[in-house]
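So the structure is just underneath, and the comments pick up after that.
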Amino acid sequence: MDFPPFDLLCFVKEMSGPKTDVRTAVPKTPLVPEATPLAEQSTFDRIKEIVWFLIMLLISAFVYIANLLVAAFEAISEVITKIYRICLFIYRKPHHSKELFMTTIHFLRVSYDADLWTWSEVWDVLKRQLIQPMSKEPPKAKDTTTTKKQKTQ
């Protein structure tokens, strides 16, 4: 079986087809209807457009305010939760919390007096070593009723 000789230039010409212009034809009807001049609009149409714009503006403002309130409530609830957990930690372990507080304050005072840290670094250490350990969620109480039943059987 013999194949005819392969001519690359002839192959490319056949694949490209007849030469066409890249530009597209302009449609006869416009895609966007032309806006009527302001002088030709009736007063009712102008008022209707203004009212529609104001309604959309109010809806946008309400959504923005609602998003801000949600973010504020989330931040406030997180702070209140941390304060509650710190108070609970202090209530449950007063000696441990006093020792933790005094050690952290002494450590920070000595480090700052020696010019080792800036205020931002002091705050980071205070948050990491004092606030975070106290604001952790307390461990759940173990259910002792099931273990007593299992031991008696």
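The values are calculated or read from the model by the stated rules, or taken from the named source; none is laboratory data. Values in this document were obtained by computation on a predicted structure and should not be read as measured data. Neighbour counts are summed over all protein chains in view; Cβ atoms, including those assigned to glycine, are modelled from backbone coordinates with ideal geometry.
Annotations
- Residue in the range 40-51 that is more than 30 Å from residue 126 (Cα to Cα), out of contact with any Lys or Arg (no Cβ under 7 Å at 6 or more places or on another chain) and modelled with pLDDT of 95 or more present: no
- One residue alone among 14, 34 is loosely packed, with under 10 Cβ neighbours inside 10 Å and modelled with pLDDT under 65, and that residue is 14.
- Evaluated against (1) at pLDDT below 85; (2) surrounded by fewer than 10 Cβ atoms within 10 Å (Cβ to Cβ); (3) aromatic (Phe, Trp, Tyr), residue 107 falls short on exactly one condition, (2).
- Selection of the range 96-137 for residues being assigned to a helix (DSSP H, G or I), over 23 Å from residue 78 (Cβ atoms) and among the hydrophobic types (A, V, I, L, M, F, W, C) yields 102, 105, 107, 108, 110, 119.
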